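**Student:** This is the structure I want to talk about, given as structure tokens.
The values are calculated or read from the model by the stated rules, or taken from the named source; none is laboratory data. All values derive from a computational prediction rather than experimental measurement. We place every Cβ from the backbone using ideal geometry, glycine too, and count neighbours over all the protein chains shown. Heads up: the accessible areas ignore ligands, DNA and RNA and are worked out on the full protein's heavy atoms, side chains in. Shrake-Rupley method; radii C 1.70, N 1.55, O 1.52, S 1.80 Å.
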Amino acid sequence: IMQEKYGACYDYDYPEMIIINLPIPDIVESVKDGKAILKLLKSRLQKLEFFGCDLIAIPCNTINIFFDDMRCYVKIPILNIAEEVKKEVEFFNYKKVGILATNTTVKESIYKSDKFQTVYPSKIDQRKLNKIILNIMSGKKLYKDKKEIIKIIRKLGKSGAECVVLGCTELPL
């Protein structure tokens, strides 16, 4: 995109990026200590603002359960991956959307919208999916897990989903 949109050819043509990898208490299955997570998020977001960042992008879907709080911690914009995905879904005018995500993302209805209906895996498939996400996070990319994800996607399609959102950044792996 940078090459096409801005004619980037050399290293100096690209924007400076600051990356903070923030190990937080597990939020895949549930949120056990939201206050501790918010404290970590606040300190790192403010650090990025202090470093002069113009924009913060957080590639984790689940962490967006704290988005309203995060937005209050800094003056610079924070991209919300779920909101951006919802804009795309709305742009393509999908009316029924399958969601593959962590237990917490599903429970907190991060992808809920007034403009389309969300369809989630069954409770059994959600447990399988969460286990697959944890496998991927631990470095286990198993072929059988890929096959299971495809089965779950097909079930969502049979339930009327016109598209499926991979609402966890581990899933494309």
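**Student:** Pick from C53, C60: which is modelled with pLDDT under 95, under 17 Å from L166 (Cβ atoms) and assigned to a loop (DSSP other than H, G, I, E, B)?
**Tutor:** Working: C53 fails: under 17 Å from L166 (Cβ atoms).
Being modelled with pLDDT under 95, under 17 Å from L166 (Cβ atoms) and assigned to a loop (DSSP other than H, G, I, E, B) holds for just one of C53, C60, which is C60.
**Student:** Additional query: For R44, only one of the following conditions fails: (1) modelled with pLDDT of 90 or more; (2) loosely packed, with under 15 Cβ neighbours inside 10 Å; (3) farther than 20 Å from T104 by Cα. What is its number?
**Tutor:** (2)
**Student:** List every residue pair whose Cβ atoms lie under 7 Å apart, where the two residues are 6 or more positions apart in sequence or sit on different chains, the first residue falls within the stretch 66-79 and is under 13 Å from K39 (Cα atoms) and of a type outside the set (A, V, I, L, M), and the second residue, located anywhere, is open to solvent by less than 20 Å² (accessible area, probe 1.4 Å) and modelled with pLDDT of 95 or more.
**Tutor:** If the second residue must be open to solvent by less than 20 Å² (accessible area, probe 1.4 Å) and modelled with pLDDT of 95 or more, the pairs left are Y73/L45.
**Student:** Does the stretch 86-128 hold any residues that are farther than 19 Å from C60 by Cα, assigned to a helix (DSSP H, G or I) and open to solvent by 70 Å² or more (accessible area, probe 1.4 Å), and which are they?
**Tutor:** Once the filter is applied, which keeps residues that are farther than 19 Å from C60 by Cα, assigned to a helix (DSSP H, G or I) and open to solvent by 70 Å² or more (accessible area, probe 1.4 Å), the stretch 86-128 yields F91, K123, I124, R127, K128.
**Student:** Could you please tell me which pairs satisfy a Cβ distance under 8 Å, a separation of 6+ or placement on different chains, a first residue in the stretch 17-39 that is open to solvent by 50 Å² or more (accessible area, probe 1.4 Å), and a second residue that is part of a helix (DSSP H, G or I) and polar (S, T, N, Q)?
**Tutor:** As it stands, the answer is E29/N103; E29/T104; E29/N130; V31/T104, since those pairs meet every condition given.
This table checks each residue for (1) closer than 27 Å to Q126 by Cβ; (2) of a type in the set (A, V, I, L, M); (3) out of contact with any strand residue (DSSP E or B) (no Cβ under 7 Å at 6 or more places or on another chain); (4) modelled with pLDDT of 90 or more.
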residue	(1), (2), (3), (4)
D26	yes, no, yes, no
D33	yes, no, yes, no
K39	no, no, yes, yes
E49	no, no, yes, yes
F67	yes, no, no, yes
M70	yes, yes, no, yes
N80	yes, no, yes, yes
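**Student:** In the stretch 136-145, is there at least one residue being in contact (Cβ under 8 Å) with a residue 40 or more places away in the chain and open to solvent by less than 70 Å² (accessible area, probe 1.4 Å)?
**Tutor:** Within the stretch 136-145 (the criterion being in contact (Cβ under 8 Å) with a residue 40 or more places away in the chain and open to solvent by less than 70 Å² (accessible area, probe 1.4 Å)), the answer is no, since none of the residues qualifies.
**Student:** Something else: Determine, yes or no, whether E148 is in contact with a helix residue (DSSP H, G or I) (Cβ under 7 Å, 6 or more places away or on another chain), over 19 Å from E88 (Cβ atoms), among the acidic types (D, E) and not in a helix (DSSP H, G or I). Before the answer, list the steps.
**Tutor:** Working: in contact with a helix residue (DSSP H, G or I) (Cβ under 7 Å, 6 or more places away or on another chain): yes; over 19 Å from E88 (Cβ atoms): yes; among the acidic types (D, E): yes; not in a helix (DSSP H, G or I): no.
No: the conditions fail for E148.
**Student:** Same structure, new question: Let me confirm something: among L134, L171, L156, L166, which residue is under 18 Å from P59 (Cα atoms), out of contact with any helix residue (DSSP H, G or I) (no Cβ under 6 Å at 6 or more places or on another chain) and modelled with pLDDT of 95 or more?
**Tutor:** Result of the check over L134, L171, L156, L166: L166.
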